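Visitor: Questions regarding the structure given below will be posed in turn.
Just so it is clear, none of the values below were taken in a lab; they were calculated from the coordinates. From a predicted model like this one, the values you see are computed outputs, not experimental measurements. Note: ideal-geometry Cβ built from the backbone for every residue, glycine included; neighbour counts use all protein chains shown.
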Ligand SMILES: NC(=O)c1ccc[n+]([C@@H]2O[C@H](COP(=O)([O-])OP(=O)(O)OC[C@H]3O[C@@H](n4cnc5c(N)ncnc54)[C@H](OP(=O)(O)O)[C@@H]3O)[C@@H](O)[C@H]2O)c1
């Protein structure tokens, strides 16, 4: 990477931000070319970067002066303000939040699916990446769509508490310890107690709608990503907050345009570099969150078809939400944008 390039990681202290630093380190980006930014709360916090230390700075408009690439791992409310500021300072901006996913003027990029967007002409210098669940779903559906056509996919996403960032992780830790000591905890980060519980709600509900923003996001993002290729499978389902820390599990039912035996479906999934097929259930081999940390692929297994409805394929998948589902998309998109002419 050109030594004049400067990269700002905004939200560097968060669940996704820390993974962004780890991915940049793996890409060989030297610490001198990085600025770690967060809110005022984390000013002067020290973050490890290989053998170096990065001191976190408070984010201000001046933070983006001379920055070539701003990777935003911030809440949507902060991204809405910071992305235009970074863009005005001349930086390429990649945002991990939901702030721009519904904005037709901001390209939605899943680097393993539509990398061509990053080299094409578009208005402005901001792009955004899909949610962790959409990343997994699009990765699974893409090879099935190519081989058989896909009508729709129904999903139950079992989302670890890190989907709610550091606050979510801290809350599950505290509630679990409290409950094991006989104390009934209060809920702060989640609408109800998450310790030893399951919540059929992840994030807020849309106004006047039975769907949560998370769930509606899957439909919207799939429509944007597949829609650009002409055929949009309908994706819908339920997001469930579960009391595990990292990794999201997805129970997925895919309606194919033509019936496919399991062997053919497995072969189609194996053609994708974005996926790893772990499917030997009698040998206890299947996707599990405990296997996913740090793995850039989405794990898929438990493939089944049902004789009475042979066009339906059922499977289970797991994605590393903070890594593959957040940080890696940010870093892969950002590094490609840096290759564009200024
Ligand atoms: N967690 C996931 O699985 C996941 C996956 C894909 C995408 N995302 C998206 O990625 C974003 C970050 O998620 P996360 O889970 O990493 O959240 P998080 O752990 O809560 O981290 C949020 C980060 O943003 C910083 N921040 C908050 N307000 C800020 C402001 N006004 N200015 C500058 N920095 C600010 C925080 O700094 P302080 O330390 O100072 O508070 C922290 O570093 C969210 O939009 C989320 O939807 C998350």
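Visitor: I'm checking a number: the convex hull volume of the Cα atoms of segment 300-342, normalised per residue, in Å³. What is it?
Guide: 95 Å³
Visitor: With each label point set 7 Å from Cα along the Cα-Cβ vector, what nm distance links residue 308 and residue 295?
Guide: In this crude label model, residue 308 to residue 295 measures out at 3.3 nm.
Visitor: Picking from 268, 317, 38, which is most flexible by a Gaussian network model of the chain using Cα springs under 10 Å?
Guide: Of 268, 317, 38, the most mobile in the Gaussian network model is 268.
Visitor: State the Cα centre-to-centre distance between segment 119-158 and segment 214-281 in whole Å.
Guide: Value for the Cα centre distance between the two parts: 8 Å.
Visitor: Considering only DSSP beta bridges with both partners in segment 1-78, what is the antiparallel share in %, to the nearest 5?
Guide: Values: 4 of 14 bridges.
Roughly 30 percent of the beta bridges in segment 1-78 run antiparallel, per DSSP.
Visitor: Report the FRET efficiency, 1/(1 + (r/R0)^6), for residue 156 and residue 283, where r is their Cβ-Cβ distance and R0 is 25 Å, rounded to 0.05.
Guide: Given R0 = 25 Å and the Cβ-Cβ separation, E is 0.50.
Visitor: Nearest 500 deg cm²/dmol is fine: what mean residue ellipticity at 222 nm does the chain get from its DSSP H runs of n ≥ 4 alone, each adding -39,500 (n - 2.57), divided by its residue count?
Guide: The per-residue figure over the chain is -8500 deg cm²/dmol.
Visitor: Rounded to the nearest 0.05, what FRET efficiency is calculated for residue 39 and residue 229 with R0 set to 30 Å and r the Cβ-Cβ distance?
Guide: Working: r = 38 Å, r/R0 = 1.28.
Result of the calculation: an efficiency of 0.20.
Visitor: Moving on. Any idea what log10 I(q)/I(0) is at q = 0.08, 0.12, 0.16 Å⁻¹ for the chain, Debye with uniform C-alpha scatterers and no solvent?
Guide: Values, matching the q order: -0.38, -0.87, -1.42.
Visitor: Further, regarding this structure: Using the alpha-carbon centroid of each, what span in Å lies between segment 21-54 and segment 159-182?
Guide: Taking the Cα centre of segment 159-182 as reference, the centre of segment 21-54 is 26 Å away.
Visitor: If you average 1/r across every pair of different Cα atoms in segment 238-313 and take the reciprocal, what Kirkwood value do you get, in Å?
Guide: Answer for segment 238-313: a Kirkwood hydrodynamic radius of 13.8 Å.
Visitor: Specify the angular offset, from 0 to 90 degrees and rounded to the nearest 10, of the alpha carbon long axis of helix 15-26 from the longest principal axis of the alpha carbons in the chain.
Guide: For 15-26 against the chain, the angle is about 80 degrees.
Visitor: If each of residue 201 and residue 167 carries a label point 7 Å out from its Cα toward its Cβ, how far apart are those two points in nm?
Guide: 1.5 nm
Visitor: Same structure, new question: Could you estimate the translational diffusion coefficient of segment 133-321 from the Stokes-Einstein equation, with Rh from the Kirkwood formula over C-alpha pairs, at 4 °C and 1.567 mPa s, in whole µm²/s?
Guide: 74 µm²/s
Visitor: Using only the alpha carbons of segment 60-151, what is the convex hull's orientation-averaged projected area in square nanometres?
Guide: For the Cα atoms of segment 60-151, the hull's average projected area reads 6.6 nm².
Visitor: With the chain treated as a Gaussian network of Cα nodes joined by springs under 10 Å, which of 214, 40, 57 yields the largest mean-square fluctuation?
Guide: Answer for the Gaussian network model of the chain: 40.
Visitor: Pick from 115, 84, 210 the residue whose mean-square fluctuation is largest in a GNM of the chain, springs joining Cα atoms under 10 Å.
Guide: 210
Visitor: Please work out the FRET efficiency for the pair residue 88 and residue 258, using the Cβ-Cβ distance as r and a Förster radius of 51 Å; give the result to the nearest 0.05.
Guide: 0.55
Visitor: Same structure, new question: For segment 88-142, take every pair of Cα atoms, bin their distances at 5 Å starting from 0, and report each bin as a whole percent.
Guide: All Cα pairs considered, the percentages come to 4, 19, 29, 27, 14, 5, 1, 1.
Visitor: Give me the number: length gained by fully extending residue 146 to residue 77, i.e. 0.36 nm times residue separation minus the C-alpha to C-alpha distance, one decimal in nm. Please list the in-between numbers first.
Guide: On the way: separation 69, 0.36 × 69 = 24.84 nm, distance 3.67 nm.
Stretched fully, the residue 146-residue 77 segment lengthens by 21.2 nm.
Visitor: What fraction of the DSSP beta bridges in the chain is antiparallel, stated in percent and rounded to the nearest 5?
Guide: Around 50 percent of the beta bridges assigned by DSSP in the chain are antiparallel ones.
Visitor: Further, regarding this structure: Cα axis of helix 132-148 to longest principal axis of the chain: angle in degrees, 0 to 90, nearest 10?
Guide: For helix 132-148, the angle is close to 50 degrees.
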